[in-house]
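Chemist: Let me begin by handing over the structure; questions about it come next.
Every number in this text was worked out from the coordinates using simple rules, so none of it is lab data. Just so it is clear, the model here is predicted, and its values are computed rather than measured. With ideal geometry, Cβ positions are generated from the backbone for all residues, glycine too; neighbour counts draw on all protein chains shown.
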Amino acid sequence: MKRSNLLRILLLALFIIGISLSHYLTPLRLPMLHDILQRLYYLPIILAAFWFGVRGGLVSSIVVSILYAPHIIFQWGMHPSLELEKYLEIVMYNVVGGVTGFLSEREEARREEVQRSAKGLEESFRKLQSQADLIIRIEEQLRRAERLSALGELSAVLAHEIRNPLGSIRGTAEILKDDFRPGDRKYEFLEILLKETDRLNRVVEDFLGLARPIEVERESCDLMAELREVVSLAEGEAASRGVRLNLVPTQLPLVRGDREKLRQVFLNLVLNGIQATGRGGSLTITAAAVPPGNGASAAVELSFTDTGAGMTPEVLGRIFEPFYTTKPGGTGLGLAITQKIVESHGGGIEVASEAGKGTTFRVRLPV
């Protein structure tokens, strides 16, 4: 029994015993005081009914009747009319205890029903909220698909109109460069021209990669092996920038996917993390197998966590938009292509960041 119920029972017992003692100790020449004490019995009866229902009310009224009956017999027995009145009062004790307990139980049942209804409404609200979030995500995906569709329509024309002139410009610049020696200003200008031509060609290649449908060649992939290779490729860049590159090894299930494209995803995230981290910082790569649950199949989750400057909410909301970049000289297509590759494998990519506290990219791929 709960401690609060024990305290209530003790309080009721003290209340009833106190009233009964007052009855027995009060002289009969004070009938008005006896009437008051007689009415006081209703208080513990009603309290017991409210606290413990019908059973509590009846038990309390029966106890009161047992304690009060001797007082009637021995002290009011010489007044038959008064004795009858007292016995009727005992009947009223039991009626009040039963009726009040019944009403109290009905009220408790209604309260529990209201609570169940409130919980049901709360659960319905949560489901509606999750469905609304899902609809918002689907709308965002549709908007992105529309943008990609528009890019796809322009990609063929853009590739033809830009790449062919770029090839001619590069070939001409290489021919002209042969007429000058290193150290000549014109030789340096031609070097700049070749470098910018290559950069523009990479932008066109990235644009085409974003606009074209990605064809994924499915094969068994050991993601930990791919991560080790990516880390070995990026170690030089990390060392030159003074960034510690950490890969936490673990055992992972195989994933069916395109090794080359997944390696492109990992390398892009690693290089972005290195470039976003200042000297003395670190980039940590972790991986874990995620068991199936909540309607989702088994998956592998990879985390790329840097200790860089982080991103503001405004930047975070646009990080996967094509041509949006915060890096000088960046094309703004790397993360958009990364997201497209991950989604083409049936996975997803999320980012969590806070200004001044670093950034974490999470890639989830189905097993």
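Chemist: How many nm is it between the label spots at Glu139 and Tyr187, if each spot is 7 Å from the Cα in line with the beta carbon?
Modeler: So the two model labels end up 6.1 nm from each other.
Chemist: Could you work out the helix-only [θ] at 222 nm for the chain, with each DSSP H run of four or more residues adding -39,500 (n - 2.57) and the total divided by the number of residues, to the nearest 500 deg cm²/dmol?
Modeler: Helices in the chain give a 222 nm mean residue ellipticity of -24000 deg cm²/dmol.
Chemist: Further question: Give the total of Lys-Lys pairs in the chain with Cα-Cα distances below 24 Å; include a pair only if its members are 8 or more places apart or on different chains.
Modeler: Number of lysine pairs found: 9.
Chemist: Moving to a separate point now. If I take every Cα pair under 8 Å that is 6 or more residues apart in region 219-366, average their sequence separation and divide by the length, what percent do I get for the relative contact order?
Modeler: Dividing the mean separation by the residue count of region 219-366 yields 22 percent.
Chemist: Assigning unit charges at the beta carbon (Lys, Arg +1; Asp, Glu -1) and nothing else, what dipole magnitude in debye, to the nearest 20, does the chain show about its Cα centre?
Modeler: So the magnitude is around 960 debye.
Chemist: What order do you get for 64-71, 312-319, 272-279 when each peptide is scored by the mean count of other beta carbon atoms within 10 Å, highest first?
Modeler: 272-279, 64-71, 312-319
Chemist: For the chain, give me the percentage of DSSP beta bridges that are antiparallel, rounded to the nearest 5 percent.
Modeler: Restricted to the chain, the bridges split so that about 85 percent are antiparallel.
Chemist: From the phi of every residue in region 161-168, what ³J(HN,Hα) in whole Hz does the Karplus formula 6.51 cos²θ - 1.76 cosθ + 1.60 yield, where θ is phi - 60° and glycine or proline is x?
Modeler: Karplus-based 3J(HN,Hα) across region 161-168 equals 6, 10, 5, 5, x, 4, x, 5 Hz.
Chemist: Hey, another quick one. Can you tell me the length gained on complete extension of the stretch Leu194 to Ser344, counting 0.36 nm per residue apart and subtracting the Cα distance?
Modeler: 50.6 nm
Chemist: Considering the chain as a Gaussian network with a 10 Å cut-off on Cα pairs, which listed residue, Gln38, Gln131, Gln141, attains the greatest mean-square fluctuation?
Modeler: Gln38
Chemist: Normalised by the number of residues in the chain, what is the relative contact order in percent for Cα pairs under 8 Å and 6+ residues apart?
Modeler: For the chain, the relative contact order is 10 percent.
Chemist: Quick one: work out the % antiparallel among DSSP beta bridges in region 226-358, nearest 5.
Modeler: 70 percent
Chemist: Next question. Using only alpha carbon positions, build the gyration tensor of the chain, then give the equivalent ellipsoid semi-axes as the square roots of 5 times its eigenvalues, largest first, whole angstrom.
Modeler: Calculated on Cα positions only, the semi-axes equal 88, 21, 19 Å.
Chemist: Quick one: plug the Kirkwood hydrodynamic radius of region 219-366 (C-alpha pairs) into Stokes-Einstein at 37 °C, 0.692 mPa s, and report D in µm²/s.
Modeler: 210 µm²/s
Chemist: Here's something else I'd like to know. Using the charge dipole of the chain (Lys, Arg: +1 at Cβ; Asp, Glu: -1 at Cβ; taken about the Cα centre), state which of Ala239, Leu14, Cys221 has its Cα farthest towards the positive end.
Modeler: Leu14
Chemist: Pulled fully out, how much extra length does the chain show between Glu237 and Val99, if you take 0.36 nm times their separation in residues and subtract their Cα-Cα distance?
Modeler: Net length gain for the segment: 41.3 nm.
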